[in-house]
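Below is one structure, written out as structure tokens; the observations come after it.
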């Protein structure tokens with residue numbers, strides 16, 4: 001069973017919540033998944049020096065300041081497990097010091 005199915009069907013049953021599919025949190029999950037898949041399955045362009053016009057995963061990630069992937073992960077985890085249940089979850093966002 002892939003992660004999509006686990007997030008859509010299994011975890012909602014375990015935590016007695018609705019599926020996140022179709023919600024903003026699901027869109028954020030899909031965005032994280034795209035980046036993850038692109039890193040895991042690097043294209044040939046990502047393995048070599050590239051120019052400004054070459055679309056690499058590294059350039060894509062540098063141009064994504066409006067998509068805080070860490071916060072998206074926090075949001076997905078929090079959808080199933082309320083922040084009150086995990087100390088690390090309650091303390092997010094962490095101090096940058």
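The values are calculated or read from the model by the stated rules, or taken from the named source; none is laboratory data. What you see is a predicted model; the values in this text were computed from it and never measured. All Cβ positions, even for glycine, are placed from backbone atoms using ideal geometry, and neighbour counts span all protein chains on display.
Hey, any hits in the range 30-53 for a residue that's within 17 Å of the chain's Cα centre (by Cα) and touching a residue at least 40 places away in the same chain (Cβ under 8 Å)?
Scanning the range 30-53 turns up at least one residue that is within 17 Å of the chain's Cα centre (by Cα) and touching a residue at least 40 places away in the same chain (Cβ under 8 Å).
Find the residue count for the range 45-63, including only residues that are touching a helix residue (DSSP H, G or I) at 6+ places or on another chain (Cβ under 8 Å) and under 16 Å from residue 34 (Cβ atoms).
So the count comes out to 7.
Look through the range 4-14, keep the residues that are touching a helix residue (DSSP H, G or I) at 6+ places or on another chain (Cβ under 9 Å) and surrounded by 12 or more Cβ atoms within 10 Å (Cβ to Cβ), and return whichever of them is nearest to residue 36 (Cα to Cα).
Step by step, filter the range 4-14, then rank; the result is 4.
Could you figure out which of (1) surrounded by 12 or more Cβ atoms within 10 Å (Cβ to Cβ); (2) at pLDDT below 95 isn't true of residue 19?
(2)
Just one of 12, 20 is within 14 Å of residue 76 (Cβ to Cβ) and outside any helix (DSSP H, G or I); which is it?
Within the list 12, 20, the selection yields 20.
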